[in-house]
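Working notes for the structure below.
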Amino acid sequence: MKIAPSILSADFGRLNDEIKAICDGGCDYVHVDVMDGHFVPNHTIGPVVVGAVAKVATKPLDIHLMVQNNTFFVDLFAPFKPEFISFHIEEEKHPHRLIQKIRGLGIKPAIVLNPHTPPESIEFLLEDLDMVLLMSVNPGFGGQKFISSVIEKAKRLKAMIEKKGLNTLIEVDGGVNDKNVKELENAGVDIVVAGNYVFSNPSYKKAISSLK
Ligand code: DX5
Ligand code: ZN
(Lines give C-alpha, C1' and ligand atoms only; values in the text may rest on other atoms or scores of the structure.)
(Ligands and ions follow the chains in the order given, each with its own letter.)
Protein backbone atom coordinates (compact mmCIF):
# COMPACT_ATOMS: atom_id res chain seq x y z
CA MET A 1 0.00 0.00 0.00
CA LYS A 2 1.41 3.43 -0.94
CA ILE A 3 0.95 6.29 1.53
CA ALA A 4 0.18 9.92 0.68
CA PRO A 5 -0.04 12.02 3.88
CA SER A 6 -2.35 15.01 3.43
CA ILE A 7 -0.59 18.20 4.55
CA LEU A 8 -3.95 19.79 5.37
CA SER A 9 -3.44 18.38 8.89
CA ALA A 10 0.20 19.54 9.15
CA ASP A 11 1.40 22.38 11.41
CA PHE A 12 1.55 25.24 8.87
CA GLY A 13 3.68 27.24 11.30
CA ARG A 14 6.42 24.66 10.67
CA LEU A 15 5.52 23.48 7.19
CA ASN A 16 9.10 22.97 6.00
CA ASP A 17 9.91 20.66 8.92
CA GLU A 18 6.59 18.83 8.52
CA ILE A 19 7.21 18.10 4.83
CA LYS A 20 10.73 16.90 5.57
CA ALA A 21 9.44 14.71 8.43
CA ILE A 22 6.87 12.83 6.31
CA CYS A 23 9.32 12.43 3.42
CA ASP A 24 12.02 11.10 5.79
CA GLY A 25 9.27 9.06 7.49
CA GLY A 26 8.80 6.93 4.37
CA CYS A 27 5.74 8.40 2.64
CA ASP A 28 5.36 7.72 -1.10
CA TYR A 29 3.64 10.98 -2.07
CA VAL A 30 2.85 14.36 -0.52
CA HIS A 31 -0.92 14.94 -0.83
CA VAL A 32 -1.71 18.64 -1.35
CA ASP A 33 -5.34 19.69 -0.86
CA VAL A 34 -6.20 22.81 -2.84
CA MET A 35 -9.56 24.32 -1.89
CA ASP A 36 -10.98 27.57 -3.28
CA GLY A 37 -13.89 28.23 -0.89
CA HIS A 38 -16.39 27.74 -3.76
CA PHE A 39 -16.45 24.03 -4.63
CA VAL A 40 -15.99 23.23 -0.93
CA PRO A 41 -16.68 25.40 2.17
CA ASN A 42 -12.99 25.83 2.96
CA HIS A 43 -10.03 27.72 1.47
CA THR A 44 -6.49 26.39 1.77
CA ILE A 45 -3.32 27.03 -0.22
CA GLY A 46 -2.31 28.43 -3.59
CA PRO A 47 0.80 28.46 -5.83
CA VAL A 48 2.95 30.48 -3.39
CA VAL A 49 2.69 27.83 -0.66
CA VAL A 50 2.58 24.84 -3.05
CA GLY A 51 5.77 26.20 -4.65
CA ALA A 52 7.43 26.22 -1.23
CA VAL A 53 6.22 22.65 -0.59
CA ALA A 54 7.56 21.52 -3.98
CA LYS A 55 10.98 22.97 -3.14
CA VAL A 56 11.39 20.98 0.09
CA ALA A 57 9.50 17.78 -0.73
CA THR A 58 11.72 14.83 -1.70
CA LYS A 59 8.69 12.72 -2.68
CA PRO A 60 6.33 13.42 -5.61
CA LEU A 61 3.36 15.76 -5.14
CA ASP A 62 -0.20 14.45 -5.42
CA ILE A 63 -2.28 17.61 -5.95
CA HIS A 64 -6.02 17.24 -5.20
CA LEU A 65 -8.06 20.12 -6.68
CA MET A 66 -11.31 20.96 -4.89
CA VAL A 67 -12.08 24.07 -6.90
CA GLN A 68 -14.30 25.65 -9.53
CA ASN A 69 -12.52 26.34 -12.86
CA ASN A 70 -10.18 23.31 -12.77
CA THR A 71 -8.32 24.39 -15.94
CA PHE A 72 -7.23 27.66 -14.34
CA PHE A 73 -5.79 25.80 -11.34
CA VAL A 74 -4.07 23.15 -13.49
CA ASP A 75 -2.15 25.99 -15.16
CA LEU A 76 -1.28 27.46 -11.74
CA PHE A 77 0.22 24.23 -10.39
CA ALA A 78 1.71 22.55 -13.48
CA PRO A 79 5.04 24.46 -13.14
CA PHE A 80 5.72 22.55 -9.90
CA LYS A 81 5.68 19.29 -11.87
CA PRO A 82 3.47 17.24 -9.53
CA GLU A 83 3.21 13.49 -10.19
CA PHE A 84 -0.62 13.69 -10.19
CA ILE A 85 -3.23 16.39 -10.54
CA SER A 86 -6.71 15.16 -9.65
CA PHE A 87 -9.96 17.05 -10.28
CA HIS A 88 -13.55 16.39 -9.23
CA ILE A 89 -15.80 14.96 -11.95
CA GLU A 90 -18.74 16.75 -10.27
CA GLU A 91 -17.16 20.09 -11.17
CA GLU A 92 -16.01 19.50 -14.77
CA LYS A 93 -18.05 19.88 -17.98
CA HIS A 94 -15.24 18.61 -20.26
CA PRO A 95 -13.27 15.98 -18.30
CA HIS A 96 -11.80 14.24 -21.35
CA ARG A 97 -10.37 17.51 -22.66
CA LEU A 98 -8.92 18.38 -19.23
CA ILE A 99 -7.33 14.91 -18.94
CA GLN A 100 -5.62 15.50 -22.30
CA LYS A 101 -4.42 18.93 -21.16
CA ILE A 102 -2.94 17.56 -17.91
CA ARG A 103 -1.21 14.72 -19.75
CA GLY A 104 0.09 17.19 -22.34
CA LEU A 105 1.79 19.03 -19.47
CA GLY A 106 3.66 15.81 -18.56
CA ILE A 107 1.55 15.24 -15.45
CA LYS A 108 -0.48 12.12 -14.61
CA PRO A 109 -4.24 12.93 -14.73
CA ALA A 110 -6.62 11.64 -12.05
CA ILE A 111 -10.33 12.07 -11.41
CA VAL A 112 -11.91 12.36 -7.94
CA LEU A 113 -15.35 10.94 -7.10
CA ASN A 114 -17.34 12.29 -4.16
CA PRO A 115 -18.95 9.71 -1.83
CA HIS A 116 -22.24 9.73 -3.81
CA THR A 117 -20.74 9.50 -7.33
CA PRO A 118 -20.81 5.99 -8.90
CA PRO A 119 -17.66 4.61 -10.58
CA GLU A 120 -19.72 3.96 -13.74
CA SER A 121 -19.81 7.74 -14.25
CA ILE A 122 -16.18 7.64 -15.46
CA GLU A 123 -16.27 4.29 -17.33
CA PHE A 124 -15.42 5.94 -20.66
CA LEU A 125 -12.55 7.93 -19.14
CA LEU A 126 -10.81 5.05 -17.34
CA GLU A 127 -8.38 4.22 -20.15
CA ASP A 128 -7.19 7.87 -20.21
CA LEU A 129 -6.60 8.11 -16.46
CA ASP A 130 -3.56 7.14 -14.40
CA MET A 131 -5.58 7.15 -11.18
CA VAL A 132 -9.07 7.45 -9.69
CA LEU A 133 -9.37 9.08 -6.26
CA LEU A 134 -12.37 7.89 -4.21
CA MET A 135 -13.44 10.26 -1.42
CA SER A 136 -14.24 8.53 1.87
CA VAL A 137 -15.24 11.83 3.49
CA ASN A 138 -17.13 14.86 2.15
CA PRO A 139 -14.37 17.10 0.76
CA GLY A 140 -13.36 20.25 2.63
CA PHE A 141 -11.83 19.21 5.93
CA GLY A 142 -9.38 16.82 7.57
CA GLY A 143 -10.16 14.70 10.61
CA GLN A 144 -13.62 13.52 9.49
CA LYS A 145 -15.22 10.07 9.92
CA PHE A 146 -14.56 7.39 7.29
CA ILE A 147 -17.55 6.71 4.98
CA SER A 148 -17.43 2.92 4.65
CA SER A 149 -19.47 2.70 1.40
CA VAL A 150 -16.15 3.50 -0.32
CA ILE A 151 -15.11 -0.16 0.19
CA GLU A 152 -17.89 -1.46 -2.08
CA LYS A 153 -17.20 1.35 -4.55
CA ALA A 154 -13.48 0.46 -4.67
CA LYS A 155 -14.32 -3.19 -5.37
CA ARG A 156 -16.63 -2.20 -8.24
CA LEU A 157 -14.05 0.18 -9.67
CA LYS A 158 -11.29 -2.45 -9.41
CA ALA A 159 -13.49 -4.91 -11.32
CA MET A 160 -14.08 -2.29 -14.06
CA ILE A 161 -10.34 -1.63 -14.34
CA GLU A 162 -9.49 -5.34 -14.52
CA LYS A 163 -12.26 -6.05 -17.06
CA LYS A 164 -10.72 -3.42 -19.38
CA GLY A 165 -7.22 -4.82 -18.82
CA LEU A 166 -6.01 -1.46 -17.45
CA ASN A 167 -3.66 -0.67 -14.55
CA THR A 168 -5.33 2.55 -13.43
CA LEU A 169 -4.48 3.19 -9.78
CA ILE A 170 -7.13 3.58 -7.06
CA GLU A 171 -6.51 6.09 -4.26
CA VAL A 172 -8.84 6.55 -1.24
CA ASP A 173 -8.92 9.84 0.62
CA GLY A 174 -10.43 10.71 3.99
CA GLY A 175 -10.70 9.19 7.45
CA VAL A 176 -8.12 6.49 6.68
CA ASN A 177 -6.35 4.90 9.64
CA ASP A 178 -4.77 1.64 10.83
CA LYS A 179 -8.26 0.19 11.49
CA ASN A 180 -9.65 0.45 7.93
CA VAL A 181 -6.51 0.32 5.75
CA LYS A 182 -6.46 -3.52 5.52
CA GLU A 183 -10.05 -3.62 4.21
CA LEU A 184 -9.08 -0.96 1.65
CA GLU A 185 -6.09 -3.01 0.52
CA ASN A 186 -8.28 -6.14 0.18
CA ALA A 187 -10.71 -4.09 -1.94
CA GLY A 188 -7.91 -3.36 -4.43
CA VAL A 189 -6.88 0.14 -3.32
CA ASP A 190 -3.29 1.11 -4.28
CA ILE A 191 -2.73 4.41 -2.44
CA VAL A 192 -4.28 5.83 0.74
CA VAL A 193 -4.32 9.47 1.78
CA ALA A 194 -4.02 10.02 5.52
CA GLY A 195 -3.92 13.43 7.16
CA ASN A 196 -5.11 13.38 10.71
CA TYR A 197 -3.93 9.83 11.39
CA VAL A 198 -0.34 10.67 10.40
CA PHE A 199 -0.01 14.21 11.75
CA SER A 200 -1.66 13.47 15.10
CA ASN A 201 0.81 10.64 15.70
CA PRO A 202 3.95 11.45 17.76
CA SER A 203 5.99 9.48 15.20
CA TYR A 204 5.08 10.13 11.53
CA LYS A 205 7.39 7.26 10.57
CA LYS A 206 5.49 4.81 12.78
CA ALA A 207 2.11 6.08 11.56
CA ILE A 208 3.19 5.69 7.92
CA SER A 209 4.65 2.21 8.40
CA SER A 210 1.52 1.11 10.33
CA LEU A 211 -0.47 1.90 7.16
CA LYS A 212 1.98 0.19 4.80
C1 DX5 B 1 -10.51 16.46 2.44
C2 DX5 B 1 -9.14 16.20 1.81
C3 DX5 B 1 -8.46 15.01 2.42
C4 DX5 B 1 -8.21 15.16 3.93
C5 DX5 B 1 -7.76 13.84 4.49
O6 DX5 B 1 -11.24 17.33 1.60
O7 DX5 B 1 -9.25 15.97 0.42
O8 DX5 B 1 -7.21 14.80 1.75
O9 DX5 B 1 -7.24 16.15 4.14
O10 DX5 B 1 -7.54 14.03 5.86
P11 DX5 B 1 -7.94 12.94 6.95
O12 DX5 B 1 -7.04 11.76 6.67
O13 DX5 B 1 -7.64 13.66 8.24
O14 DX5 B 1 -9.38 12.60 6.75
ZN1 ZN C 1 -7.43 15.23 -0.53
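For H88, nonlocal amide neighbours, meaning residues 5 or more places apart or on other chains whose placed amide H falls under 5 Å from its own, are V67, V112. Amide H contacts of I107 (H built 1.01 Å from N, in plane; Pro and chain starts excluded): no residue 5 or more places away or on another chain comes under 5 Å. In the range 1-76, what percentage of the DSSP-assigned beta bridges are antiparallel, given to the nearest 5? Beta bridges within the range 1-76, antiparallel portion: roughly 10 percent. Helices in the chain, meaning DSSP H runs of at least 4 residues, each add -39500 (n - 2.57). Divided by all residues, the mean residue ellipticity at 222 nm is -9500 deg cm²/dmol. Computed from phi, the 3J(HN,Hα) profile of the range 178-188 under the Karplus parametrisation 6.51, -1.76, 1.60 (θ = phi - 60°) reads 5, 7, 10, 5, 5, 4, 5, 4, 5, 7, x Hz, with x in place of Gly and Pro. Among the aspartates and glutamates, select those whose C-alpha is under 14 Å from the C-alpha of K163, and discard any that sit fewer than 8 residues away in the same chain. Partners within reach: E120, E123, E127.
Would you mind checking the pairs K55/K205; K55/K206; K55/K158; K55/K212; K55/K153 and listing those with alpha carbons more than 30 angstrom apart?
Working: K55/K205 21 Å; K55/K206 25 Å; K55/K158 34 Å; K55/K212 26 Å; K55/K153 36 Å.
From K55/K205; K55/K206; K55/K158; K55/K212; K55/K153, over 30 Å: K55/K158; K55/K153.
Given axes a ≥ b ≥ c from the Cα gyration tensor, I'd like to know whether the range 46-151 is rounded (a/c under 1.5), prolate (a/b larger than b/c) or oblate. It is oblate, given that a/c is not under 1.5 and a/b is not larger than b/c. For the chain, the alpha carbon positions stretch 42, 36, 29 Å along the principal axes, listed from largest to smallest.
The distance between label points at D11 and K205 comes to 1.8 nm (points 7 Å beyond Cα on the Cα→Cβ vector).
Nearest 5 is fine: what % of DSSP beta bridges in the range 2-211 come out antiparallel, could you say? Please list the in-between numbers first.
Working: 1 of 32 bridges.
So the antiparallel bridges amount to about 5 percent of the total.
Ligands, DNA and RNA left out, the 1.4 Å accessible surface of the chain is 52% carbon and sulfur atoms.
Screening the chain for whole DSSP H helices of 15 Å or more along their axis (Cα) with average Kyte-Doolittle hydropathy at least -0.5 returns 149-163.
The values are calculated or read from the model by the stated rules, or taken from the named source; none is laboratory data. None of the values given here were measured: they were computed from a predicted structure. Methodologically, a virtual Cβ is constructed for each residue, glycine included, from the backbone with ideal geometry; neighbour enumeration extends over all protein chains shown. SASA here: full protein model, heavy atoms, side chains in, ligands and nucleic acids out. Shrake-Rupley method; radii C 1.70, N 1.55, O 1.52, S 1.80 Å.
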